[in-house]
Structure formats: C-alpha cells, structure tokens
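Below is one structure, written out as structure tokens, with a few remarks after it.
The values are calculated or read from the model by the stated rules, or taken from the named source; none is laboratory data. Fair warning: this is a prediction, and the values are worked out from it, not measured in the lab. Virtual Cβ from ideal backbone geometry, glycine too; neighbours counted across all protein chains shown.
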C-alpha cells in the first residue's frame, strides 16, 4: 500500500479506500502491461454436460461463492427461423411465455420475484430466444418448475385475450422504436443488405400485419415446431453440482416429449452488386452518416480481426474517428464503429453525427477517406494491443457473476448454441490475444472493399409512414391442448412430477461475506480490503465524504462539474492519454457521486494493478 500512499499523499486527506481483490499484485518497477495471453489464460469455466432422453442439453458449472444458482435456458429459435408471412412470431412468443402456463397461471415475474430472483429477463434476436434468472439455491426447484412448465405446459394457458394483449404490447414496442430518432434506418438497412428470402431478411420485431393475420392454431403450431427440449440448452451455474442437477432437471423436464427436429440454416453470405447511397429524412437535430457491410458470422476466423479493426476505428475512447473527427477537426459530434455478431453473417456499422453548421457532403467525404486509409494501412501494434486488453478485461469482469447478461451461464450457453462448443469463449479470447495488425488489415481488405451501403439521415419531415396499429383484425381457431403437445417421438419414460402447486422453498442461508481487513495509510486514508478469488481482478473504490449537498449556494453544480472534468486531463496526461492508458492496462476508471459522497472507482486486472493504481492516483 505504500506506493498508493505516496501517490495520494497531497491529493487526498479525508477519504476511505475500499479494495476487493483476489490478492494485491506484486510491485512492478515498470508500467509495461501484461500480455493479453496472460490475461486470457486465467479464464476458465469448468463444466459438465449431460443430455436427457428427450434431447434437452444441460450444462452445469459449480461456483460455491454464494448460495445462488443462475438458470439460463436458450431455445434455438429466433427471427431467422420465421418463414415469409410469419415474421415476428419468435418475439411474440418471448412475450407470451412470460404470461403464465397451465400450472403457473398469471405473470411469471411474480412467483420469481417472490423467491428473490434477480437478473430476471428474456430476449429474442435473430438466432435465439432465451430466459434467465438467478435464484437462491433453496428456490431452484421453483425456477425449474416454471421453466419446464412453459416448455411443456404452455399452450393450454394461451387464450385469445392473452394473444391480443401481447400483440398490442409488441405493437407498442414497435411504435416506440420506430419513433426514436433515426428509428426507421434499421428497416432500410435490412431491406437493402439482405435478400428477402435470407433468414436475416426481416427485423426481429417482424410484421404486425403477419401477427394480426395469425390464428391461434397458427401460433400453436409455431410453438410445437420450435420449443421442444431437443431444441433447447439449459445451463445451471452456481451453488449446484452435476449429481444434484441431474436429479432435479430430470424430475422437471424429463417427462416432456421431444419435438420435431429443427432444420439447419446455411444461407449464403450476401453482398451488394454495387455501392448504394440513400438519403432519408427524420425529425433529428443533426445529420447522421452510415456506412454498412455484411461480413462473416461469429464462428469465422475473420470475425475477430474485423471486430478489433472496427473497435480501433470507432469503438475506443481514443479511436481513430474520435481523435480525428471529434477532437482534431471538430466536424463531427459523435462517431462510432462496431460489428454486431450473428451466426450466419455479422453486421458492420460505421457512423458519424455531423456537427451542426458543417457541410454534410464534406464530412461524408472525410469519413470515407479515413475509412479507406485505415483499410489500406491497418492499425498499429499499440492499437491492437489496447483493444485486445480492454476487451479481455471486460470479459473477465463479466465472468465474475454466474448469471445476468454477461455471466458464466451465458458464456457456456452461447458457445453451445452458436458454435456447438461451450468453451467457445476460450477460442474467442485466444483469437483476440493472437490478433495482429496484419490480420486486421487483411480481413478488412477482404471484406470491407466490397460495395458499401451508405445511408444519410438529414433533418426534415419523414417520408410517408404508416403508424403501427394494435389489436385489430379477426383471428380464428381454438386451443385445446393436452398436457403434452409435441408428439411424433417416443413416449417419455419419466414419471411426470406433481404440478398442482409451486414447490416449497427451503431455508435461505446467510451469505458468507469475505473477511474485511483494515489499515490506515500514513496520510490518514482508511483502507478496507476484502479478498475473493472468483476472477483475477481487483476493484477499488475511493470514497470522499462530500457530495452535491456540499456545494455552496452560489456554486450549485460544482461537484458535478469537478467529477466531469477529472478524466479530461491531469498535469501530466491529456484525456486521450488517460483513455489510451486505461485501454493498454485493461483498466476502467469511473467518477461519480451522490448527495453525500464522491467516488472514484477502478476495475483492474491483477497483473496490471500497480500501473492501474498509478493512473487512478494521477
């Protein structure tokens, strides 16, 4: 701690410092960051896998640091699986499957919240539908009851009223999205980049006309065809072992018969015959310029270097586009570049918001010049290293939790569903660590020299646009579903459990928090240290006993102003220097506060902790 004390001696006198870490890193005389390979080699999610007789694939990861279990179930169905005339079905069923089942009527959120579930959500996109929640270990039976009931006992609870209600909800979601600034661009991008017959040739939210035209029997058949156990992956991560998981999963899911086999999709990666440039109007404050390409999917070796390249170009706080167009030339107020990964093709997007008063044609030309130069010459070694370190550190930080959007259950499920490899995260991190400037340049020259889609959105009245309706149209059909409705396979050999009531919840033990060590530095800073070893990462909070209420009456807003400028430069570092140094180290420094406190937070990978603390101190 002596080094930290020396760094903060003059700056801080009445503060509290909280450190949470596996162990403080050894003192290093140099600030050379650890190789990315060293960071990713430490990432491991041990798991065991088994498959029920009905085809349900189950992955189990044991993590005993807290008495909780993440339950994550992924169905291999998304909007990519919707044929013409049935768009929006997968997203609609994501909603319907939260609205109660035959043995758990009513909103699914209520019983899950009653047992203390957190990270509770469900999503649909092109390639999947998933549901997840993190529950106390003693309430795991309840979560498995609910998940299995909506897999095997859903349709008897789906009524015309529920269907109409959820179509109304989806209509409102679509209306909200469409009416955001630039909200119609995505539809046009999809229309121009993908052939109509391509699995990605329509948006996930789909056509409200298709939903309005659907009967209950249409909906029933869609569910029967796609949501069987053989098209599903269940991940349990946390305070659970494989033997216990087998018993519990077989009890709740084993009697559900297998569904139909799902045909594999293998579309050709589309490319434009020639560049396309379009202008759209919207009620926006500034012109936005888009550049888009379709590139290979997430399993292709070229995906990672493309992702690194776009992050260098417009995904870092110190990116090429930020430095040139926002900071130096000041012709744009916001820029970004990124790749959105999917299985059957990924989506490159580069955009720039033109600074008011600037000539949009000139800015567009300048954007294209920067892109062309970057494709021709590629990134530097330092840029690639900064991206790789930052992204590896972010992945490590996400894996500290078992559930949620970025935890270990998600990593295992995504790998199994998208790549048939639960450990695909290791391949991703290995590719990231080994990416070179030459590989980035080669991938960009291969894929981003193809014809581009360029869209410009300018301020003005939108072209004629039909608002979304809701809850209209006649539908026919009646649902009279038996308990199990996925037939044609072998009958289940597992005795069905009692589903007349929710399972009882056992005792919930107190959390065993790590012991906290305390010390006081020579300058008076109080230090509290808690040791845990879930991931090789340290989190530090430096907390000052003053917040917005300490502002004087004639200087209201002073605290917010000071916290906003802390990362804009120091006596020795510019804002770009600070951003680049964080990226090199895989560190993340945030500044914030409340009425009574002001805090500076650091997240650092352990091999780079010393240098990260020096940066935080500066």
Given (1) in contact with a strand residue (DSSP E or B) (Cβ under 9 Å, 6 or more places away or on another chain); (2) surrounded by 17 or more Cβ atoms within 10 Å (Cβ to Cβ); (3) within 16 Å of residue 56 (Cα to Cα), index of the condition residue 306 fails: (3)
Filtering the range 121-140 down to residues that are in a strand (DSSP E or B) and over 14 Å from the mean Cα position of the chain (by Cα) yields 133, 134, 135, 136
With (1) within 20 Å of residue 69 (Cβ to Cβ); (2) in contact with a strand residue (DSSP E or B) (Cβ under 7 Å, 6 or more places away or on another chain) as the list, and residue 114 as the residue in question, which single condition is left unmet? (2)
Check every one of the strands (runs of 3 or more DSSP E) wholly within the range 1-91 and list those with 1 or more residues that are at pLDDT 95 or above and over 30 Å from residue 211 (Cβ atoms). 48-51, 57-62, 68-75
Give the range 504-535 a look and list any residue that's over 32 Å from the mean Cα position of the chain (by Cα), surrounded by 11 or more Cβ atoms within 10 Å (Cβ to Cβ), part of a loop (DSSP other than H, G, I, E, B) and at negative phi, or say none. 506, 521, 523, 525
When you go through 569, 592, 586 one by one, which is the residue that is surrounded by fewer than 15 Cβ atoms within 10 Å (Cβ to Cβ) and touching a strand residue (DSSP E or B) at 6+ places or on another chain (Cβ under 9 Å)? 592
Of everything in the range 109-126 that's touching a helix residue (DSSP H, G or I) at 6+ places or on another chain (Cβ under 6 Å) and in contact (Cβ under 8 Å) with a residue 24 or more places away in the chain, which residue is farthest from residue 503 (Cα to Cα)? 126
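Yes/no per residue for (1) buried (at least 23 other Cβ atoms within 10 Å of the Cβ); (2) in contact with a helix residue (DSSP H, G or I) (Cβ under 7 Å, 6 or more places away or on another chain); (3) free of Cβ contacts under 8 Å to residues at least 24 places away in the same chain:
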| position | (1), (2), (3) |
| --- | --- |
| 368 | no, no, no |
| 380 | no, yes, no |
| 387 | yes, yes, no |
| 407 | yes, yes, no |
| 423 | no, yes, no |
| 426 | no, no, no |
| 440 | yes, yes, no |
| 444 | yes, yes, no |
Surrounded by fewer than 21 Cβ atoms within 10 Å (Cβ to Cβ), touching a helix residue (DSSP H, G or I) at 6+ places or on another chain (Cβ under 9 Å), part of a helix (DSSP H, G or I) and in the same structural domain as residue 73 (by TED's automatic domain parsing): which single residue out of 217, 210 fits that description? 210
Pairs needed: first member in the range 263-280, surrounded by 10 or more Cβ atoms within 10 Å (Cβ to Cβ); second member anywhere, assigned to a strand (DSSP E or B); C-beta distance under 6 Å; at least 6 residues apart or different chains. 270/294; 276/453; 277/454; 278/455; 279/456; 280/457
Inside the range 50-68, can you point out the residues that are over 24 Å from the mean Cα position of the chain (by Cα) and under 30 Å from residue 260 (Cβ atoms)? 50, 51, 52, 53, 54, 55, 56
Spot the failing condition for residue 95; the list is (1) assigned to a helix (DSSP H, G or I); (2) surrounded by 24 or more Cβ atoms within 10 Å (Cβ to Cβ), and only one is missed. (2)
Would it be correct to say that residue 148 is part of a helix (DSSP H, G or I), surrounded by fewer than 22 Cβ atoms within 10 Å (Cβ to Cβ), more than 20 Å from the chain's Cα centre (by Cα) and at pLDDT 90 or above? no
Candidate set: the range 319-366, residues that are over 29 Å from the mean Cα position of the chain (by Cα), without any contact (Cβ under 8 Å) to a residue 24 or more places away in the chain and in a loop (DSSP other than H, G, I, E, B); chosen: the one surrounded by the most Cβ atoms within 10 Å (Cβ to Cβ): 359
